[in-house]
Amino acid sequence: MPRRIAIAGAGIGGLTAACCLLKEGYEVELFEQAPELSEIGAGIQLSANAMHVLNDLGLGEAIAGFSVRPRAYVFRLHDSSEIVGQFPLAEDHEAKNGAPYNQLHRADLHQLLVAKVKSLGPKAIRLNCRVDGFEESEDGVELKLADGSRASADILIGADGVKSAIRAQIAGASGASYTGDAAWRLVVPTARLPANFMDPVMSVWMGPGRHAVCYYLRGGSLLNFVGLVETEEVSEESWTAKYPWEALKADFEGWHNDIQAIIDRSDRNACYRWSLFYRPPIEKWSTAHVTMLGDAVHATLPYLAQGAAMAIEDGAVLTRALEQADDTAAALQLYERNRIERTSRIVNGSGSNRTLFHMSDQTKLRQAFANRDEGKARNEWLYSYNPLTVELM
Ligand SMILES: Cc1cc2nc3c(=O)[nH]c(=O)nc-3n(C[C@H](O)[C@H](O)[C@H](O)COP(=O)(O)OP(=O)(O)OC[C@H]3O[C@@H](n4cnc5c(N)ncnc54)[C@H](O)[C@@H]3O)c2cc1C
């Protein structure tokens, strides 16, 4: 199997894939458009299906050191905080799925992955290198870089996020359409909040046309808040777009005192809001020498908290497919074949959660949760998946 692999994009997906491939002895070059490596100041949740990969890379202990392991996943009504559904995480999640459920600061995870890539391949990362496209030949692929230069590899992996240049070349325009939702994000130091403010749980607060997600980071010293609101106002698709605090306050007017406390104690100059776009799943992920992973190929609404987890799974499965198949094209097909169904199911499941979480009739919402066992369902197919051992066919 050819050994020289180029990756476009050093986000969580590209970095994890680089680690998996370097660990197996591949030569990896990671091309990142940004002049420096960084992640936004927000939280991320990683369930067992993603943690298997990070544990295998030897990162589990470091992650345990700076993450929070929530006791439970809790679904509440937006005004009374009444719990209408919940399922255990912590020991239960680990016992059922073989790895823990962690809540982390994205920058901590990103830095850890960067350090791991550097330890396995000190020269693997190239900054200020935007990949605009590629040209394939029988033997491999040439990357077209934004500065006009070229780089060659046996295989190219597009891990270049929702606005992927690699996706555009393989599958054409992404057909992005506005979902009708905007996402707020902010973090608040726990010291600013009332004492014993919120249990260490993953809380989803559900109200008409919107919901909010709250959980702790960094050993409980920070509280992460994400608010998802239906709005006709379309804005930039950028996680770093600041938005007025007053609009945040208005978006959650009438919500429970705990939500007001978080909003009131947030930094008024550090509230971010951006529009969420839907990109329909694509059928063709790969050519003979090029494939994609992560948001580049299956961007999702964040309503199952699985976007980065899928990107992490992709890197592990792709590495295994390269080891298992006889040639590059067969390996990329094996990878694609074994990822499409699962990633599409997650993308569609995230969309269904939007309808559920945003219901305005609380009686129907209570009933919907009474009729389903959310924990059992997720443990059965979502969290129990192990990308290191699942049979590739
Ligand atoms: C509000 C919110 C909450 C979320 N919470 C969770 C969660 O709890 N759990 C979870 O698993 N997921 C979560 N997600 C999803 C997750 O953040 C994404 O799915 C994940 O970050 C995707 O990683 P990626 O590496 O594929 O893409 P990205 O993180 O977008 O990385 C792409 C990288 O490629 C670079 N790049 C772009 N274009 C080029 C180019 N042409 N050439 C070179 N480099 C390029 C970019 O600079 C960037 O570094 C959430 C998402 C949102 C919006």
Along Cα→Cβ, 7 Å out, is where each label goes; now give me the distance between the ones at THR231 and GLU283 in nm to one decimal.
-> 3.7
Angle between the chain longest axis and helix 328-357 axis [Cα atoms, degrees, rounded to 10] = 10
Dipole axis of the chain (+1 Lys, Arg; -1 Asp, Glu on Cβ), positive-most option in ASN353, VAL188, VAL297 = VAL188
With everything on Cα atoms, drop me the angle between helix 12-23 and the longest principal axis of the chain, reported from 0 to 90° to the nearest 10.
-> 40
Sorted by Cβ neighbour density within 10 Å, fewest at the top, the residues ILE263, ILE40 = ILE40, ILE263
Please report the relative contact order for the chain, taking Cα pairs under 8 Å with a sequence separation of at least 6, and give it as a percent rounded to a whole number.
-> 23
³J(HN,Hα) computed for each position of segment 373-384 - Karplus, 6.51 cos²θ - 1.76 cosθ + 1.60, integer Hz, glycine/proline x | 10, 4, x, 4, 4, 5, 5, 5, 10, 8, 7, 7
Which of the trypsin sites (Lys or Arg not before Pro) found in segment 58-122 are in a DSSP loop and have at most 10 neighbouring Cβ atoms, other than their own, within 10 Å?
-> none
Would you mind computing the Rg to Rh ratio of the chain from its alpha-carbon coordinates, Kirkwood style for Rh?
-> 0.96
What is the set of long-range amide H partners of SER238 at a cut-off below 5 Å, with H atoms built 1.01 Å from backbone N?
-> SER275
Among beta bridges assigned by DSSP with both residues in the chain, the antiparallel ones amount in percent, to the nearest 5, to 70
On Cα atoms only, tilt of 106-120 relative to the major axis of the chain in degrees | 20
Which ³J(HN,Hα) values in Hz, rounded to whole numbers, follow from the phi angles of segment 85-98 under the Karplus curve 6.51 cos²θ - 1.76 cosθ + 1.60, where θ = phi - 60° and Gly and Pro get x?
-> x, 6, 8, x, 10, 6, 4, 4, 4, 5, 5, 6, 10, x
For THR389 and ALA241, calculate 0.36 nm times their separation in residues minus their Cα-Cα distance, and state this gained length in nm to one decimal.
-> 49.3 nm
Setting aside same-chain residues fewer than 8 positions from LYS96, which aspartates and glutamates have a Cα under 14 Å from its Cα?
-> GLU380
For a footprinting-style exposure proxy, rank MET393, MET1, MET198, MET310 by other Cβ within 10 Å, fewest first.
-> MET393, MET1, MET198, MET310
Going by how many other Cβ atoms sit within 10 Å of their own, how do MET51, MET359 line up, fewest first?
-> MET359, MET51
Cα centre as origin, Lys/Arg/Asp/Glu Cβ charges: segment 52-121 dipole, Debye | 240
For segment 199-250, one quarter of the surface area of the C-alpha convex hull, expressed in nm², comes to 4.8
Segment 252-393 -> Rg/Rh from Cα coords, Kirkwood Rh, value 1.08
Check the straight Cα-Cα distances from LYS123 and name the lysines below 28 Å, setting aside those fewer than 8 residues away within the same chain.
-> LYS23, LYS144, LYS163
Considering amide H positions built from the backbone, and no H for Pro or chain starts, which residues 5 or more places from SER152, or on another chain, come under 5 Å of its amide H?
-> LEU143
Share (percent) of C-alpha pair distances in segment 22-162 greater than 27 Å works out to 40
One can check that the equivalent ellipsoid of segment 84-215, built from the alpha-carbon gyration tensor with semi-axes equal to the square roots of five times its eigenvalues, has lengths in Å, largest first, of 40, 22, 17
Neighbourhood net charge (11 Å Cβ-Cβ; Lys/Arg +1, Asp/Glu -1) for LEU301 | +1
What helix-only [θ] at 222 nm does the chain give? Using -39500 (n - 2.57) per DSSP H run of at least 4, over all residues, to the nearest 500, the answer is -10500 deg cm²/dmol
SER360 and ARG130 label points (each 7 Å along its Cα→Cβ direction) are spaced in nm at 4.3
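Throughout, read-outs are computed from the coordinates displayed, never taken from laboratory work. What you are looking at is a predicted structure, and each value in this text was computed from that prediction instead of being measured. FYI the Cβ positions are ideal-geometry reconstructions off the backbone, even for glycines, and counts take in every protein chain you see.
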